[in-house]
Structures are given as C-alpha cells and as structure tokens.
Amino acid sequence: MGQNIYKLKFELHAEHSNVIGDKAGRHQHTFSIVLYLKAQRKMELYQEIEQKIESWLSPFQNRNLDEMPGFENGDTTLENIGNVFFEELTKVLQDDLSLLRLDIYETPVRTYSVTKELYDASINRVHEIADLHLQDKVQEIAITIKSAENGVKEKEETAESNEKVQATIVAEAAAGSGNTAEHKTMGDHERTDSGVRISGNGWKKTLLAVLFILVSAVVMMYTVTESGIYPRGSDTLNHMYRGRLVYEGIKEGNWYILYDTSWYNGIELMRYWAPVPLYMLAGCLFLTGGNLMSSYILFLGALFVLGACGWLLFGVRYQKQYLAAFLGVAWFLLPDNMRVLFAEGNIPRAVVATLLPYLLYAIWQFLEEKRTKAMYAIVLLMALIALCHLMIAAMVGITTFLFVCFDAVCNKRIRRGIYLLTGMVLSFLLIGVWLVPALRGGLMGMSEAGTAQVMRDFFADGFTSLNPADRYSGELETFYYGIGIFIVGIIGMLFAGRKSTAGFITGLFLFFSTTNSLYEFYSKVPFHQFFWMIRFIPVGLGFTFLALLLWRNAKSSVLIVLCILLLIDVYPARFYLYTEKADRATNVSAAQMRRAENYGILQAKELTKQRMALFDLSSYGAFAAYMISAVEPSKDYTFGWAWQGAATAVNIVQLNSAYAEGNFYYLFDRCLLMGNDTVLLRIALLPRQEKDIPAVSEAAEKSGYSLQEQGADYLIYTVDTPDRFGTVTTYEAAAIGGGGSDLARLFPAFEELSDPYIDHYTFEELSLYKTIYLSDFNYEDKKRAEALVQKLSDAGVHIIIDMNHISTNDSKGVTTFLGVTAQSITLKNAYGQLTYRDESYTPQEFSSENADWNTVYLNGLNRVDGTVRVGERILPYVGSVSAYENITFLAMNLPYHLQLTGDETVYTLLEQVFGTDRETIPKREIVPLEIARDRDSITIRTDYENTNTALAYYDIFQPDREIAVDWYLVSVGKGTTVIRLQYPYLKQGMIVSLVGIILILLFLWGISKYDMKRNDENEEHAKEKQKLEA
C-alpha cells in the first residue's frame, strides 16, 4: 500500500576526497542529494521545507568538506557524507517530517543510500526482513564500468540483500509515478562557470529585494528633495561645479579638461582630483538636462542603488537576498557614510563606498571560492577606485592586507591571499597615465609638518566614537563609528564561524586604530601620510558587512537581533535627510541667491571685470566658490575650494594669513598682482572687526582700491582697470628662505623668492635689489654662498641675515655664517629692554604658550648696533662685522614675535633695522592685456615687457617663446606668446600603464596555469583512486 511521500532533490557543490585523510586528492564535485520525506501535513509545506533544507546545506556549498563540522576526522568519502547528512537532517526535520531515506551520488552510476528501514519501489516499508540480518543503515553501491576493449557493460555482483534494495530503486525509477510526489529543485540557484544563475524561487526573492532597494532609494530622494536643504556638505558644491565643467566640456567635444581659469587663477581640473566622480556627476547632468540641483538628487539615488546592489550579489550567491537588501540600504545610511556624503560632501569617497561591495564580492570569490577569473574584477575595480580617490584606494589596499593577515591566521589561507594583494598592487600600474602626473604634487608634495597636522585630525576619542547621544541630538559633524555596528562586530568575532571571523576582526581593529591613544604610534610608522585612520572606517565596515553575510550558521533570530542593533546607528540618518517644515527651502536656487546677496557675493560679481577675491577664511565653504563661478554671470576667482592641488597654494595661504593677521597693505598689493579688480572682505573675521575698517580702507587706497559698498558683514573694494589686465612690478627688496614669506606680510615691499637656496641665484639676479633678507635659507655650498653674499654687499646691496633661522652644516651643530655665530638662549616671559642705536625699546611680554622663548644671541660682531639685557648680562642681537658693512646680522627671533603679537614697539624697531615700513609697497603698474583661450592653448598679447599675466603656471605649459614665473604666475615679454597645453608626463605615464598591462596579463596567466595544474593533478589523483576502488 502506497504512502504520501515527498521526494526532494538538491545539489551540493563542494570539495572532498575519496580516501580518508587524503588532502592532496581533494577535488570538486557536484553531488546530487535526494530526500524521501513523510510529512504530517499537506503539500503546502513544500516552500517551508525547501528553505529549511537549503539553509542547512548552505554552509557546505563551495567548501572543503574536511573543514566543516561533522568531518573533523578527515573522512569525506561519499559514504560518510551520506551518513553525516542523514543523521543531521533527521534532527533538523524531526519536528515536521520523517526522513525515510537519503540518496547521494556524484555520478549517475555511483549512488549511496542511507535509511533506517528497507522500502519497496513505492517507499512502503518491507516487514519480512528478519532473515536478511541487515543493520539499521543499508548501504548500496552500484558501479557501472565501460570496457575499453569490447564496450560491454559489466555489473559488479553484490550481496543478495543489496541486490533487492537496488531492485526497488530501479523499479521506482521506472514506475515514475504512483503516490509519490516528486519535486526537483536546486535550491534557488545553480552554479555556472560565470557565477550564479538564479532559478525558481530565487528570482522572486531577488526581485523583491531589488524592489525594496529601489523603493528605499525613491523615499530617500523624495525626503531630501522635500527638505530643500540640499546640496549638503562643505565640499559638495565644489565637486558639483567641477562635474558641470566636465559636462560642458564634453558637450563641446572635450572629454578631458586639462586647464580651467575659473578658480585659483587657473587649475588642472583632473590632475589632482580623480576623474571618475566628475564623469558620474556629468552623466547625471546629462540625464537631467543640465539641471545642477536635479542632477544631485539623481546622483544620490544612483549611489544608494548601486551600493545596495553590490551587497545583493552576496545575497543572491548565498541565498540571503532579504538580509543583503537590508544591509544594502543600511550601507548608505551608516553614520560615517552619511557624514562623509552629507557633512563633508566628499563625493569621491562616497563613490568609493558605492564600489566597495563589488570589490569585496570579487575578493571573496577569489579567496574562498577559488574563482581565478575574479582577479579580473579585482584589478579593474581597484583601478576604478584609484581613479575616484587615490589615497582611499591605498587605504583599501592596506585594509585588505590586514584582512588577508587575519584570514591567514583563521583559515590557514596564505597563497591566494598573496595573489590577491599582488593583483591589487598591480592595478595601480594600470592607471599610470593618470597616476604619474597625479603623484607629482598634491598630497605627495605636502611637507612633513603639514602632513602630520592633517593626520592628527583623523583620530578621535574612542568613547565619543561609540556614543550615539550626539547623533541623536542632531550633531552631524563629529565622527561616530556606531555602537550598534561595534556590538555586531564583537558578537561576530566571538560566535561566528572561522570564515567570518577575519572580517569582524578587521572592522574592530580599524575602529580601535582611530582612537587618540594610537596617534603617536601611527605618526611614526613608514608611509604614515596614508594613515588618516578615520578614513579607513568605511572600508572596515565593508569587511564587517561581508562577515555578517557569510555567517552561515547564524540563526534567523540572531540575524534579526543584529539587524536591530544596526538600526540604532541607521536611525540618526534622518537628521541628514529630513528637515522640519520651518527650516525648509521651497526653492533651493532662490534660497542660494538670497544667501549670496546677504554675503555681498552677487553685488561683488556685478562690479567684477576680470577676477575677484573673497576673504572669508573658508567660513562660507564651497558655497562662495560655487556662486561666484558656477552661477551666471560666472566670474574668475582667485580662491576656490580644495586648494592643495593649486599652483597658487602658497599665494592663497599668504593672502589668508595677511587677512587674519591684519596685514592689509600686503593683502591689497598682492590681490592686485593676482589680477583682482574686486575684493570682498567679511567684516566679522577681521582681527578687530568694525574697528579695522578704517585701516582696511587706508591700505586699499594705497594700492588704488576704493570702497564701493559696505553691508552688514561685508566690504567691497574695486580698482579701475581695463577689462583684461596684467601688472608690471619693480621690487627693491627680496626675501629668501622659509622665513621670507612671513616677513613679506609684515613688510610688503619685499618680494618672496620661491627658491630657498641662495647659491641657486646669480649675482646678476640678486644685485637688482637694494635689500635682501635671508631667513631659514639654505645652500648647496657654504663657501660659494658666503662669497655671493660678500660680493652683493660689496656692490652696495644691504643683506640682513636672521641668525635664528639658518641651516647648519657644521658637524658640531654650531650655526655660523661669515664668522658670526648664533648662541642659543632661552628667555623667560619677556625680552626685557632692547636697545638699537642708542634708542631703547620695551616689547610686550610673550604669550603664555611661548613663555619660554627659545632664541639666539650673536658672537663675532665687530660692530654691535643693538643689545638686550638678560639678567646681569648684556647680549648683542643685531650688528655687523667690519669687513662687511652692508651685512646686518639679526637675532632674538624678533620678526616671529611681531608676527605672533603685532607688537607695535617691535614693529617700530624692525622698521629701523630693515629701512622700510609696513605701508611701503612695490611699484606696480596696471597694463592692458589680451588673453584668448581655446581647448588646448592660451594666446597672450601685451605691449609691455615683464608683464605678469595673473595666470597660474603649470608644467603642462609649452610656450613658443621664453616666459618667466613670478610668484607662481606666468610673466611674459612684449608681443604675442602662445602657450600649448600638453598632457603632463604622458610618455612616462604610458610606459607605466603598458608595463602594468603586461605584468597583469602575465600574473593572471600565471595563477590560471597554476590553478589548472592543481586541478588536473587532483582529477588525475581522483581517477586513480576510483580505479583502485573499482
């Protein structure tokens, strides 16, 4: 009599060995598993049963079975796999079903069956089996062998009882129907050579997951649009404007913009700022018909969907679509990802975060599933990430190195980890055409001190990083790692399987690396300029999500709890996206115009002919640069946003320092040099605010500027100029060395010369000046430098040498130049009384931060012009030697004290020493100029010699006649000069890329050959074992 039996079929892709303990003989197989189940309820159990069995089988998919629970003894023979699976599935299904029999086979002619009873063709229990004396488990092996000689099939005879069992199976197959309900499934997926093919119920899950992601993205976009406070982030408008320039260039047929004059007197738009995010923004502009605000909303949606779909790849592959969809949405909303996108406005980093799930998927395919072809994706994705943000790409590589190290410890996987890291390194060579020029300057060109200062800002207090209180109160700028993700990481590290542990450890390791206590350590390691640890966090979070998705034995209830923990961190995202009605802008563009008018930007633009400067110390963020250059009528701007890659970076620092220090004569004089006919200043940031307005106007008038408009918090000054103009300047004083820039702000008559090595200049060049100030200067050859200074002195040039800042090449560390020695001393609280040529001066006290004033006094002077009383000692600090009457040696660090304090007493004293005052500026003449630009050239015409064009100089310039560089600006002679724009270091970059392509191809060929060899060896070994068994 028949029974209601369900027959379900599954497939398992895994590695095993036919011989116990034979690791060398491991090989890949696709096992077919047939389960015969007796249910207590009706057929609607199918979906529930399938999901339960698929979930249980999932951890074994694409794994080495001898590494899995139940096979610790190394026995992964077909027989033991069947035994283990039968016992475990019996337990898993016992609440709803009875597992009557399990068949497992790796080929159609090799089957192993496990059952506790004997059944006939209809799976009816056979009671008359007492004489067979069978054990509880009946084993059946049927092997068919082809004879190579006669092609006759021979069947191995088995015991009579086993023959009967085989007969029932064959009969059942022939009968086909009866009361047996047969349902064939492969889970939701089938493994193919190219990856995963979704089938059956998997399509429904995947489509629902995609729908959930799309709906979530639309809700996010709608919320941001309705809030009317976009685009948020201090850098966002900067990137949007650059994206618009690319978009406009593409419309004109220019797909790669080398040079643009809008900001910083000219910038290389795509050299130090990676191009991929700009092309993405340009693409969004194209899709929105050039509407900048709409393109931003579309861009947000694209980041959301693309990033979430990256995580969905894991869900599809491992049958966790719903979990992956949730994590994909959470990925966009994670605290640090939101801060980067909506507070910093760092669009390149946001794009990297979008690409990261795809890279992690390829990494896992390569490491765990041994899919060599995944290396192609790894190389291309790493190259793409580097073309989004070079520094972050390096951080991705470093983080992956950490993950590989942890994975090697947890899973004993070393060789493929080395392959992975090698491929990631080679990927940088692939983009050599862009990479070589990018490395010539930018971050790599920053000073050690500058890098250390920036690096310090990327560490945080660990408690604050885990405290959600600030986020829940609406504080959006502070770095917050997330208490929820931290707890998830701890739980995962302690309880997840070995395959997931490395990912959880990587995320936690990077969190602890962001704490202030580890700053000193990271600041001393090699390549520490890359260890801006907070910037590593999104990559670490990516590995945490990877580990969570691969936690295969986690129960549904555990995963739900972990997702709830993530919601704790995701919820505050609403503060970035949503704004109360009272704070909303119904028309974003109109709101921006009103804001610009309040700042005086619109009024200043109306007055501007050639270029304008705005002094706000970056308090307006990228908004000012955007409104000046992006909104019609657009104007060129001496400032901009993200100045580190600009050729005029030094100029920008000098101008802002002069504004903050109140050195207004320098400010207006140099603004004229940089081609600004309009200057806009924010009153609130002047050193003395409204009290400084008379001094500002007086200094402006000295350079020809007059006040045009005064608003509640702004001043607008203009100078009468032609529509396009340059300047011709005569300097009577020059400053050489690192201290020269500081002195020039105090005494603007001094020209700041860029080369700190005095013996790099010729006598003819320096003899044009009446006064030369040397501070923190250097030299290749001391004797040659001293001889040059002596010759200049003999020619009547007044040389002032600041002995506080002079290099020492003496092996004893003694600072001596021209026979005068600087002796170190530390003063307490104040200078005391200074004398200079019979006049007494009493400077103000040092600030509390500089109460211990480290300085020098002088030995070796023949003529002492000034002394300082230190206790009972009278020490010389200014004077000369009889042989060099025109050389003045200066000590006590007086210019630096003046820079810090603005001490009027010291100002008066130094005016006597230098023979000039703060109101004396260079002789600067405004001259008309003609400049024409096309796609790859600049044509300049002038009727004057030595005309400073106010165009920033770059090494991409190829002039048809000699040009000069004056304060990082192009200076030309009388007549017409044509400057061709040439892609920088093209030949070197192409060589690097070509070498990269060759090495990558050789590398991919090598690992493919190695893997093929191992697979062939494993298959040969397996065949030999099968022959022996046969």
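Overview of results
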| read-out | value |
| --- | --- |
| Some residue of segment 684-696 being part of a helix (DSSP H, G or I) and closer than 23 Å to Thr721 by Cβ | yes |
| Where Glu632 falls short, out of the listed (1) more than 20 Å from Val696 (Cα to Cα); (2) touching a residue at least 60 places away in the same chain (Cβ under 8 Å); (3) among the acidic types (Asp, Glu) | (2) |
| Count - residues of segment 956-971 that are outside any strand (DSSP E or B) and either loosely packed, with under 14 Cβ neighbours inside 10 Å or in contact with a Leu (Cβ under 9 Å, 6 or more places away or on another chain) (or both) | 5 |
| Every residue from segment 247-268 that is closer than 30 Å to Leu673 by Cβ and not aromatic (Phe, Trp, Tyr) | Glu248, Gly249, Ile257, Leu258, Asp260, Thr261, Ser262, Asn265, Gly266, Ile267, Glu268 |
| Boolean, Thr236 is assigned by TED's automatic domain parsing to the domain that holds Arg349 and either touching a residue at least 40 places away in the same chain (Cβ under 8 Å) or of a type in the set (A, V, I, L, M, F, W, C) (or both) | no |
| Wholly within segment 718-798, helices (runs of 4 or more DSSP H) carrying at least 2 residues that are crowded, with 23+ Cβ neighbours inside 10 Å and either in contact (Cβ under 8 Å) with a residue 40 or more places away in the chain or of a type in the set (Phe, Trp, Tyr) (or both) | 740-746 |
| Count of segment 47-101 residues which are of a type in the set (Val, Ile, Thr), surrounded by fewer than 18 Cβ atoms within 10 Å (Cβ to Cβ) and closer than 17 Å to Ala554 by Cα | 1 |
| Residue check, Ala362 assigned to a helix (DSSP H, G or I) and without any contact (Cβ under 8 Å) to a residue 24 or more places away in the chain | yes |
| Among residues of segment 650-699, those that are crowded, with 21+ Cβ neighbours inside 10 Å and polar (S, T, N, Q), counted | 5 |
| Check on Thr586, more than 32 Å from the chain's Cα centre (by Cα), touching a residue at least 12 places away in the same chain (Cβ under 8 Å) and under 11 Å from Gly228 (Cβ atoms) | yes |
| Residue selected from segment 578-608 under the condition closer than 26 Å to Asp723 by Cα and touching a Ser or Thr at 6+ places or on another chain (Cβ under 6 Å), by the criterion surrounded by the most Cβ atoms within 10 Å (Cβ to Cβ) | Ala604 |
| Which listed residue, of Asp781, Asp810, Asp838, is at pLDDT below 90 and either among the aromatic types (Phe, Trp, Tyr) or farther than 24 Å from Leu909 by Cα (or both) | Asp810 |
| Looking only at segment 44-64, and only at residues there that are of a type outside the set (Val, Ile, Thr) and over 19 Å from Arg317 (Cβ atoms), the one that is modelled with the highest pLDDT | Lys52 |
| Residue within segment 396-408 that is out of contact with any helix residue (DSSP H, G or I) (no Cβ under 9 Å at 6 or more places or on another chain), in the same structural domain as Asn337 (by TED's automatic domain parsing), in contact (Cβ under 8 Å) with a residue 24 or more places away in the chain and not hydrophobic (A, V, I, L, M, F, W, C) present | no |
| Contacts under 7 angstrom Cβ, first residue in segment 455-466 being under 11 Å from Phe479 (Cβ atoms), partner of a type in the set (Lys, Arg), 6 or more apart | Phe458/Arg535 |
| Tally, over segment 700-714, of residues that are hydroxyl-bearing (Ser, Thr, Tyr) and part of a loop (DSSP other than H, G, I, E, B) | 2 |
| 2 or more residues at pLDDT below 95: qualifying helices (runs of 4 or more DSSP H) within segment 570-683 | 574-577, 588-599, 622-629, 649-661 |
| From the options Thr544, Thr506, residue that is outside any loop (DSSP other than H, G, I, E, B), within 16 Å of Leu466 (Cβ to Cβ) and modelled with pLDDT of 95 or more | Thr544 |
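Results for (1) in contact (Cβ under 8 Å) with a residue 40 or more places away in the chain; (2) farther than 18 Å from His16 by Cβ, shown as yes or no for each residue.
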{"position": "Leu65", "(1), (2)": "yes, no"}
{"position": "Glu87", "(1), (2)": "no, no"}
{"position": "Thr90", "(1), (2)": "no, yes"}
{"position": "Glu106", "(1), (2)": "yes, no"}
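The values are calculated or read from the model by the stated rules, or taken from the named source; none is laboratory data. In this text the structure is predicted, and so the values were computed from the model without any measurement. A quick note on method: Cβ atoms are made from the backbone with ideal geometry, for glycine too, and the neighbour counts reach across all protein chains shown.
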